[in-house]
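Heads up: the structure comes next, in structure tokens.
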Amino acid sequence: MFVQILFYAFSAILLAAALGVIASRNPVHSALSLVLAFFTSAALWLLIEVEFLAIVLVLVYVGAVMVLFLFVVMMLDVNIERVRGGFIRHAGLGLVVASLVAAQMIGVFWARNLGVDATLGAPPLPDDYSNTRALGEVLYTQYVYPFELAAVLLLVAIVAAITLTLRQRPGLKPQDVAKQVAVRREDRVRLVTGVDAAGTGPGADRDASPRGGEGA
Amino acid sequence: MTAILDLWAALPDVVRSTAWILIVTVAVILSVAFTTLWERKVIGWMQLRKGPNRVGSIFGLLPGIFQPFADVIKLLLKEVVLPSAANKWLFRVAPAITLIPAFAAWAVMPLDPALVIADIDAGLLYVLSLTSVGVYGIILAGWATNSKYAFLGAMRSAAQIVAYEIAMGFALVGVVMAAGTLNLGDIVRAQEGGVSSWFFLWLFPLFVVYLIAGVAETNRAPFDVAEGESEIVAGFHVEYSGIAFALFFLAEYANMILISALTAVFFLGGWLSPFEGVLAADNALAQPGFHWLFLKLFFFLTCFMWYRATFPRYRYDQIMRLGWKVLIPVTLVWIAVAAVMVHFRVGPWSAN
Amino acid sequence: MTPTPTLASLAPALPEIWLTVAACIVLLTDAFAGRSARRITPTLTLLLLALGAAAILVWGQVDQRVDLFSGMYTADPLATVLKLLSFLFTAVALLYSRHWLEARGLLKGEYYVLVLTALLGICVMVSAGSLLTLYIGVELLALSLYALVAFDRDSGIAAESAMKYFVLGAIASGCLLYGMSLVYGMTGSLLLGEIAVAVQGQGVAPSLGLMMGLVFVVVGVAFKFGAVPFHMWVPDVYHGAPSPTTLFIASAPKIASFALAYRLLAEGLAGVEPAWGQMITIVAVLSALIGNLIAIAQTNLKRMLAYSAIGNVGFILLGFVAGTERGYEAALFYTIAYVIMALGSFGVIVLAGRRGFEADELDHYKGLHSRDPLLAVLMMVMMFSTAGIPPFVGFWAKLQIFEALWASGHAPLVVFGAAVSVIGVFYYLRVVKLMYFDAPGDLPVPERHTGVRFTLAINAAAVVALGLFPQALLELCQRVLP
């Protein structure tokens, strides 16, 4: 009963947040609604005891992806009114497509109950059952091939992103940290002897730097 | 006394958990209060000053001991100024978003061999995800303030935290590989057997990376570009005053304590005694307990202050360089080394 | 629990393993070789491809179907042949591209790495045993191609076409994924073998959910093929991308498209062939018609060949329409023949230009004969062959398709195909006319790189040889398809 109440509460929040993503006037609010949606999805997953996925969802999407997303949205300062200009015009078509998609999804779940009734929570699992271990075991045995391929996909994404963004621009004067660290005291500082406070002593002419020499 | 213990044991789980949550929360808040005092004292000594010594004393000892309370009362009584162009709702909610993860992470912290509020399997991931959520408060505060300085601070913070989270996560991958579990209590138990079994010896590069990343994650000097008072005034909390500012302050120090405790748990055997195996097993000093965790935590906490007193602030691009080009490669290499050590049962893994 | 795979049992997966390692080697070599990387990387890549192909021939061959990785990986003679051909076509494309890239300052190691990962994606699709791996293969290929199209960062048109390709490709991936999820929902499995069992006997009228899934899957496949009405990206991408990238896109990825359609439709969803057959018919007919018609109106050779590609994809899909063994054999034959011809014709485009002069407008080919007789001859062979004029291989390819259609009772489609082919002849021959009968004006003379031109000549020789003796390739197609 308690689990059921939680389920419906989280589901309601999730739906509201999802609506907020598309209905907010401010893109930052949309992004924040998406964060809320991720959080509540994670909570729903916790209800069926898939703690690993739930926490990783928060860790990866909320903790990293959405931070960068917010970063971009805040920097770009999108003029949302212009983007939303065609909203009413296309609303009818959008509604039709949305209801079609919804009908299909319902149809699929109608035809094949996937064996989980999320509203009731998961059946109790044995005490020594570890969701993380179970997931790791199938990931590295049964699904090792797609898993490794997904890793290659990420590598390609990195290579592609770097290829398209990194280029040598002329006129840059970046620091060479290795050189900076390798500097010794003798390279920069010279001990000047025999100079009195005014810099006019006998040693001044001999040891002063060129610029100082000009000044004198 | 036994009557009280019996009563305690008879209480339902929910009540006991709630009580523990309250106790830990209050303890953290009090620790934060005295951490601020300790910080001012330590830095004072390092700079040949006395630090706060005016407010209160206990029978003439510990002058300045009540300074934190004076500060809190002052902040509570001040007006919270709400900038007129700010996004009011987010402006108010941001401090809370920063604060909640800093406290929530304590739920899985193994305080002593028997005591942990929530003993969950994926505890390490839980901690990692919560510390990563804390950045939202900073970003939102910076954005909602609607001021250039605040926004700059928020942007810096976002980029910095994402960068250092990767290094931090990789460092913890090494810990997970060494311990074979994600449960924080079990990670501590995996380090049983004296100082030589603690992970900081075997995962030393990861330990260093974690410590540095921890400093960066908490936005503390020398990684405090998000505040950067000499360039962007006070960064994301430039417009916060009174209790709203105090909440950010509280979150920062709570995070420091949290990172110190986590470092102790991951690398220094948490509650385990350093004399385990050296002294006889029935010696009081060889017994594990909360006091060891506290000592280790206190050490790292003091290190935080030491860094602040010692290092000048990093420039933004230097931070990025250090995070991406130094720390991450170091962790990647050492994860490979750790894998080899675990596989061939070198060092503390030779037993099992 | 699946048994732990041994090293020997992984031998059929050698191509993918080899390519992953090769991509990493190239990436690292390029990063650490410094200035000499420019000389090392292209040669190293070709060497690795050659070694990989040799290794597949020695260790990676299978006599019959072998399922690896819990059925997610399928190794069969078809996969081996398609992979070897992809290796070969990729190597040839890279060989043609090198001087073009060098002359324009684009010779970077990443180009070769991305081509290798694209090839990996192709191999993954060719060997896909489940919807999951199929989709990852599609994405691996697509992601590499997006970057390759945008590779010339200073070119506005390349950036534009990459953007279009990316957005439309993402929609296509979404459609494919949505269709796959519906198919999974209705059949309860991601493995193509189990899906085939589940949909068996559903025939013309599958359940509504499966039908919906089919629609989206076919849309996704048509998008990846570049078939009408999901062809909008093809002309822009072919035109906007750097010529070597166009050359590559026109070659090995077509093999992947064939594999995608074959594994998904002919193997996994064979049970509902009548259902998707109708959709493919529409797509195929529209592609053949519109591709060949609009090609006439083009003034840019790359754009014209793009529409020609759409038209040829229509013919490949007509082989699927037949729905018989014969049809799939014909489609495979057509795909291989088309890729060989595309390599040749785009190879000429790559070689006919020089720094500061892209030979991509039709007018740039005026009088090519007097400037560079060899290139003109090679281009003529390619054009004749693509037009389907005997005795070149393109003729046999079309003939195979027609025979298969005829045998399966699609006589009207044969008539339609023949009519469309005749339309096609017009614009192919126009290129020949420009090269031989128009005055060259003051167009520049192409640079001459002997080795590459020799390879191109062999390419053309293959078109002629396969046209004169198509039997070997035909038998290969018949042998590898069960």
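Please go through region A:1-59 and pick out each residue that is among the β-branched types (Val, Ile, Thr) and either in contact (Cβ under 8 Å) with a residue 40 or more places away in the chain or within 30 Å of A:Val138 (Cβ to Cβ) (or both).
First, pick out the residues of region A:1-59 that are among the β-branched types (Val, Ile, Thr): A:3, A:5, A:13, A:21-22, A:28, A:35, A:40, A:48, A:50, A:55-56, A:58.
A:Val3, A:Val28, A:Val35, A:Thr40, A:Ile48, A:Val50, A:Ile55, A:Val56, A:Val58, listed by residue number.
Of everything in region C:104-117 that is closer than 15 Å to C:Asp154 by Cα and either among the hydrophobic types (A, V, I, L, M, F, W, C) or in contact (Cβ under 8 Å) with a residue 40 or more places away in the chain (or both), the residue that is farthest from the other protein chains (Cβ to nearest Cβ) is C:Arg104. Residues in region C:338-373 that are closer than 24 Å to C:Ser251 by Cα and among the acidic types (Asp, Glu): C:Glu358, C:Asp360, C:Glu361. Within region B:101-151, which residues are more than 7 Å from every other protein chain (Cβ to nearest Cβ), farther than 19 Å from B:Val215 by Cα and not hydrophobic (A, V, I, L, M, F, W, C)? Scanning region B:101-151 gives B:Pro110, B:Asp112, B:Pro113, B:Asp119, B:Gly123, B:Gly142, B:Thr145, B:Asn146, B:Ser147, B:Lys148, B:Tyr149. When A:Val72, A:Val56 are checked against the criterion of being modelled with pLDDT of 85 or more, within 14 Å of chain B (Cβ to nearest Cβ) and surrounded by 11 or more Cβ atoms within 10 Å (Cβ to Cβ), A:Val56 stands alone in meeting it.
Residues of region C:136-161 being more than 10 Å from chain A (Cβ to nearest Cβ), over 30 Å from A:Leu139 (Cα atoms) and either of a type in the set (A, V, I, L, M, F, W, C) or in a helix (DSSP H, G or I) (or both), which ones? The answer is C:Val149, C:Gly156, C:Ile157, C:Ala158, C:Glu160, C:Ser161.
Criterion first (closer than 30 Å to A:Arg133 by Cα and modelled with pLDDT of 85 or more) does B:Val127 satisfy it? Against the criterion (closer than 30 Å to A:Arg133 by Cα and modelled with pLDDT of 85 or more), B:Val127 qualifies. Among the helices (runs of 4 or more DSSP H) confined to region B:166-274, the ones with at least 1 residues that are touching a Lys or Arg at 6+ places or on another chain (Cβ under 8 Å) are located at B:242-267.
Just one of the listed residues (C:Thr90, C:Thr133) is in a helix (DSSP H, G or I) and either surrounded by fewer than 21 Cβ atoms within 10 Å (Cβ to Cβ) or within 12 Å of chain A (Cβ to nearest Cβ) (or both), and it is C:Thr133.
Going by the conditions given, is B:Phe223 within 28 Å of B:Trp292 (Cβ to Cβ), in contact (Cβ under 8 Å) with a residue 40 or more places away in the chain and away from every other protein chain (no Cβ under 11 Å)? Taking the combined requirement at face value, the residue does not satisfy it.
Only residues that are crowded, with 21+ Cβ neighbours inside 10 Å, within 8 Å of chain A (Cβ to nearest Cβ) and in contact (Cβ under 8 Å) with a residue 60 or more places away in the chain were counted across region B:152-163, and they come to 1. Just a yes or no: is a residue in region A:35-42 more than 7 Å from chain B (Cβ to nearest Cβ) and out of contact with any helix residue (DSSP H, G or I) (no Cβ under 8 Å at 6 or more places or on another chain)? Among the residues of region A:35-42, not one is more than 7 Å from chain B (Cβ to nearest Cβ) and out of contact with any helix residue (DSSP H, G or I) (no Cβ under 8 Å at 6 or more places or on another chain), which makes the answer no. Would you mind stating whether A:Ala17 is part of a helix (DSSP H, G or I), under 26 Å from B:Phe151 (Cβ atoms) and away from every other protein chain (no Cβ under 13 Å)? In short, yes. Across region A:96-132, which residue is modelled with the lowest pLDDT among those that are under 31 Å from the mean Cα position of the chain (by Cα) and away from chain C (no Cβ under 14 Å)? Filtering region A:96-132 for residues that are under 31 Å from the mean Cα position of the chain (by Cα) and away from chain C (no Cβ under 14 Å), the one modelled with the lowest pLDDT comes out as A:Ala118. When the criteria are applied in full, C:Leu247 fails the requirement of being within 14 Å of chain A (Cβ to nearest Cβ) and not β-branched (Val, Ile, Thr). The set of residues in region B:270-301 that are surrounded by 21 or more Cβ atoms within 10 Å (Cβ to Cβ) and over 27 Å from B:Tyr253 (Cα atoms) contains only B:Glu276. Scanning region C:415-450 for residues that are free of Cβ contacts under 8 Å to residues at least 60 places away in the same chain and over 24 Å from the mean Cα position of the chain (by Cα) yields a total of 7. When A:Val181 is tested against the conditions (1) modelled with pLDDT under 85; (2) within 9 Å of chain C (Cβ to nearest Cβ); (3) assigned to a helix (DSSP H, G or I), the lone failure is (2). A residue that is of a type in the set (A, V, I, L, M), out of contact with any strand residue (DSSP E or B) (no Cβ under 9 Å at 6 or more places or on another chain), surrounded by 19 or more Cβ atoms within 10 Å (Cβ to Cβ) and farther than 20 Å from C:Leu140 by Cβ can be found somewhere in region C:41-63. Could you check, for region B:59-70, whether at least one of its residues is aromatic (Phe, Trp, Tyr) and at pLDDT below 85? For region B:59-70, residues aromatic (Phe, Trp, Tyr) and at pLDDT below 85: present.
Among the residues of region B:202-232, which ones are under 14 Å from B:Arg313 (Cβ atoms) and touching a helix residue (DSSP H, G or I) at 6+ places or on another chain (Cβ under 7 Å)? Let's see the steps before the verdict.
As a first pass, look at region B:202-232 and keep what is under 14 Å from B:Arg313 (Cβ atoms): B:215-216, B:219-232.
B:Val215, B:Ala216, B:Asn219, B:Arg220, B:Ala221, B:Pro222, B:Phe223, B:Val225, B:Ala226, B:Glu227, B:Gly228, B:Ile232 - these are the residues of region B:202-232 that are under 14 Å from B:Arg313 (Cβ atoms) and touching a helix residue (DSSP H, G or I) at 6+ places or on another chain (Cβ under 7 Å).
Conditions (1) in a loop (DSSP other than H, G, I, E, B); (2) crowded, with 19+ Cβ neighbours inside 10 Å; (3) in contact (Cβ under 8 Å) with a residue 60 or more places away in the chain, marked per residue:
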site	(1), (2), (3)
B:Ala70	no, no, no
B:Leu75	no, no, yes
B:Arg92	no, no, yes
B:Ile97	no, yes, no
B:Ile100	no, no, no
B:Ser132	no, yes, no
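Filtered by the rule that a residue be in contact with a Gly (Cβ under 8 Å, 6 or more places away or on another chain) and surrounded by 24 or more Cβ atoms within 10 Å (Cβ to Cβ), region C:339-377 gives a lone residue, C:Met341. Could you tell me whether C:Ala13 is within 14 Å of chain A (Cβ to nearest Cβ), crowded, with 23+ Cβ neighbours inside 10 Å and among the hydrophobic types (A, V, I, L, M, F, W, C)? For C:Ala13, the condition - within 14 Å of chain A (Cβ to nearest Cβ), crowded, with 23+ Cβ neighbours inside 10 Å and among the hydrophobic types (A, V, I, L, M, F, W, C) - is not met.
Would you be able to say whether some residue in region B:2-20 is touching a helix residue (DSSP H, G or I) at 6+ places or on another chain (Cβ under 8 Å) and touching a residue at least 12 places away in the same chain (Cβ under 8 Å)? Checked region B:2-20: no residue is touching a helix residue (DSSP H, G or I) at 6+ places or on another chain (Cβ under 8 Å) and touching a residue at least 12 places away in the same chain (Cβ under 8 Å).
The values are calculated or read from the model by the stated rules, or taken from the named source; none is laboratory data. As the structure is a computational prediction, the values presented were derived from the model and not from experiment. Glycine gets a Cβ as well: all are built from the backbone with ideal geometry, and neighbour counts include every protein chain shown.
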